[in-house]
Amino acid sequence: MNAPLAGLAAALVAAADAGAVVAALRLLPPGPGAAAVVVACFAAVSLIGGALGASRLAAALRQLRADLAAGAAPIASGTDAALLAAAFLLFLAPGVLTDLVALALLLPTVRERLKVRAGMALLRARMARAAAASAAASADGPATPSSPASAG
């Protein structure tokens, strides 16, 4: 992601988070305690989500270690561990949108869909590289083996 696009994305996330806080404050009766209630709710969501994310991440890491010890390819367990680590970090980041994305990453169906999409993208990239290598090889012409008998 280039720098201007990343800056725009960060600004949009910050604006959406600020809008969520303002919307939450409007739901509460006016008073000095309203802001404290909203902040406490957001902090509780982050703490509970972080604890849940950490426990799921620990389980995924145990599965990853078991797969590695068994000599199995740790593709599924490694992907799960990476997505759950991202969820854990997103829960620690302040903001409503980051908490929603983190919560979605905790759902097994969301992780499965992401794994399928990532696998398809990897397959397409490999096929494109193979096609490019094949095209480059055919552009060079047919390979003619040189034999020592014809050299003399």
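The values are calculated or read from the model by the stated rules, or taken from the named source; none is laboratory data. Just so you know, these numbers come straight off a predicted model, no measurement behind them. Backbone-built Cβ (ideal geometry, glycine too); neighbour counts: all protein chains shown.
When residue 118 is tested against (1) more than 24 Å from residue 52 (Cβ to Cβ); (2) in contact with a helix residue (DSSP H, G or I) (Cβ under 9 Å, 6 or more places away or on another chain), exactly one condition is not met: (1). Restricting attention to the stretch 85-142 and to residues that are free of Cβ contacts under 8 Å to residues at least 12 places away in the same chain and among the acidic types (Asp, Glu), the residue that is nearest to residue 47 (Cα to Cα) turns out to be 112. Whether a residue is surrounded by fewer than 15 Cβ atoms within 10 Å (Cβ to Cβ) and either modelled with pLDDT under 80 or touching a Lys or Arg at 6+ places or on another chain (Cβ under 8 Å) (or both) was assessed, and residue 108 does not pass this test.
Yes/no per residue for (1) surrounded by 10 or more Cβ atoms within 10 Å (Cβ to Cβ); (2) of a type in the set (Val, Ile, Thr); (3) more than 30 Å from residue 53 (Cα to Cα); (4) at pLDDT 85 or above:
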| residue | (1), (2), (3), (4) |
| --- | --- |
| 86 | yes, no, no, yes |
| 123 | yes, no, no, no |
| 133 | yes, no, yes, yes |
| 145 | no, no, yes, no |
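Mind checking which residues of the stretch 59-86 are among the charged types (D, E, K, R) and either in contact with a Phe, Trp or Tyr (Cβ under 6 Å, 6 or more places away or on another chain) or under 17 Å from residue 109 (Cα atoms) (or both)? Listed by number, the list holds a single entry, 80. Suppose we filter 76, 70 for residues that are under 25 Å from residue 119 (Cβ atoms) and loosely packed, with under 14 Cβ neighbours inside 10 Å; which single one remains? After ruling out the rest, the residue left standing is 70.
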